[in-house]
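Inspection log for the structure reproduced underneath, given as C-alpha cells.
The values are calculated or read from the model by the stated rules, or taken from the named source; none is laboratory data. Predicted, not measured: the structure shown is a model, and the values here were computed from it. Note that we place each Cβ from the backbone using ideal geometry, even for glycine, and neighbour counts take in every protein chain shown. Protein only, heavy atoms only, side chains kept; ligands, DNA and RNA dropped before computing areas. Shrake-Rupley method; radii C 1.70, N 1.55, O 1.52, S 1.80 Å.
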Amino acid sequence: MDAILDAARPAATPSPSAAAPSSRPAPAASSVPSGAGPGGAPPARPVVTELRLSAYGRHRSAVFPLGPVTLFAGASGSGKSQALEAYAALARLASGTRLEEVFPDPAARVPERAVPDADGRRGFRIGCTVDGPAGPVSLDLAVQAEPGLRVVGERLSQDGQILLATALRDPRRRSVQAAWLTGGAIGVTRAPLPDDRLGTALLPLRVAGSTAGQRRVLAAAEQVVVALRSVFPCDPMPGRMRGPVPRGDGRLRGDCANLADVLRRTRHECGTRHALLAAAARTGCAGPVAALDVREAGEAGDGWVAGVLDRGPGRPATDLGRLGAGELRFLALALVLLTGPGVLEVEPAADVLAARQALTVLADDLDRGLDRRQGAELLRLALLSGGRGHVRLVGSVGEDGAGTARRIPGVSVVDLTP
C-alpha cells in the first residue's frame, strides 16, 4: 500500500516548482516510438505516448513507450494482456465510467505477494502520458483495491508543474480532496471530488476557464480525455462472424460479429477504403479475390445480409462463413485498421472534430490464428494508417508474431520476457 500512499502525498497543492514524475527504464523495444509530428512538432491529434504501471499484476514501476504501432511480446504470463487491460481501463475511466465497473475484481490486479499496510490496504497505480497540441501531459492514478475500491490519489501534470492533485484525507468520506491550478489572486481552487471517478474527466465541468491557469488546466485535461476516449478494444470472434446478420447501423462491434453489415455500409459509403480492404483480402485470403460484397440472406425483404468474396468472372462467390478462422480474423482486423470512429462502435469526444482525433485500436493476441503473411499485411496496413495520423495500434503477439514485427521498420516491439 505504500505505493498508493506515495502517489497521494504529492497531491497537496499544484505548484510551479513541483517535481516531475521520476523517469524509469523502459523495457527493450525494437524501435523508438514517437508521437511527434513532422520536424519534432507536437502531434496535431492527442495520442498516448507512454503507459505506466506500478504494482499492477506482474508489473512493478514499468514504463512502456507507445508509438503508432506498438506490440507487446513475451512468454505466457509475462503481463502482455495486463498492459492492454490497463490502457483500456484508463480509456473507460476517461469516458466517465465508475471505478467498480472498470475493475469488477480489483484484487486480481494487485500482485499476489503484495503485503497490506497496517490498515489492511492494498492497491495499484496506473498512468499515461498524452502528447498533443498542448504538449506532453502526464496522468497518474493511485487506486485502493482492498479493503474497499476507491481512488486515493490522482495527479495531472505538465513540465514538472502539477495542474490537478487529489488525495484521500478522510477514509470515512466517499470523496477525495482535490486542488487544481487557478492562477491569479486565488492561486489554487480546492473542492471535493468523488472517489469512484477520474477527476481529470470531471474538470471540464468544474473549471470555468476564466484565468490563464484555468485555461491551461482545461487544455491539459481535455487533451488527455480526448486521447483516452478514442480507443477501440477489438477481438474478432470468427465463430460469431460466419452467419447472416440483420441490417443495422453499420458500426463494427468489438467482436466483429456484424462484419457483413459493416461491409454493406462501407461498400456504398466508403468506396476508397472498401477497395483497400478488397486489395488486402487478396493477400490475406486463399484463392483469387476480385471484390468484397454482400448478398441478401433469409426471406426476401427481411433485412438480413451475408458477406461474400467475389472470386471473379466465371467463379462462384464464397460466403464468408466458409472461410477459415484466420481469414475471418484478418478481414475484420484489416477493416478496423482501414476505417475510423464513424464505422467502429466507439464514442470519442463528441465536442471535438473527428479530424482532430486519432483512434487507437487495442488488439490483445493480435496474431491469433494468423499466418506470417497475414500478420505482416496487417502491420503494413497499421503503418499506413498510423503514418496518416488517423489510427494507432497497440497489441500483443506471440513469438512468431513478434519475429515478423521485428523485421518491419516502424513497428515497435516491447519485449516483456525477463
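Here are the numbers for the structure shown:
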read-out	value
The chain: antiparallel DSSP beta bridges as a percent of all, rounded to 5	75 percent
Residue-wise HN-Hα coupling along region 111-125, computed from phi with Karplus coefficients 6.51, -1.76, 1.60 (Hz; x: Gly, Pro)	x, 4, 9, 5, 8, x, 7, 4, 9, x, 9, 9, x, 8, 10
Positive-end residue, the chain charge dipole about Cα centroid, Cβ charges, pick of Gln158, Ser412, Leu333	Gln158
Region 304-314 - phi-based ³J(HN,Hα) in whole Hz, Karplus 6.51/-1.76/1.60, Gly and Pro as x	8, 9, 9, x, 9, 9, 7, 8, x, x, x
Accessible-area composition of region 307-418, carbon plus sulfur, in percent [1.4 Å probe]	53 percent
Top of Pro111, Pro204, Pro316 by mean-square fluctuation, Gaussian network on the chain, Cα under 10 Å	Pro316
Distance (nanometres) between label positions extended 7 Å along Cα→Cβ at Ala41 and Ala185	4.0 nm
Long-range amide H partners of Val176 with built H, under 5 Å	Leu193, Asp195
Asp140 accessible area, 1.4 Å probe, all protein chains in place, Å² to nearest 10	40 Å²
Prolate/oblate/rounded label for region 122-194 (Cα gyration tensor, a/c 1.5)	oblate
Fluctuation leader among Glu222, Glu399, Glu154 - the chain, Gaussian network, Cα springs under 10 angstrom	Glu399
Antiparallel DSSP beta bridges within region 281-334, percent to nearest 5	100 percent
Probe 1.4 Å, accessible area per residue of the chain, Å²	42 Å²
Förster radius 30 Å - calculated FRET efficiency between Arg173 and Asp235 (Cβ-Cβ, nearest 0.05)	0.15
Shape category assigned to the chain from the gyration tensor of Cα positions, a/c cut at 1.5	prolate
Diffusion coefficient, µm² s⁻¹, Stokes-Einstein with Kirkwood Rh over alpha-carbon pairs of region 41-91 at 25 °C and 0.890 mPa s	204 µm²/s
Percent accessible area from carbon and sulfur atoms, region 104-197, protein chains only, probe 1.4 Å	49 percent
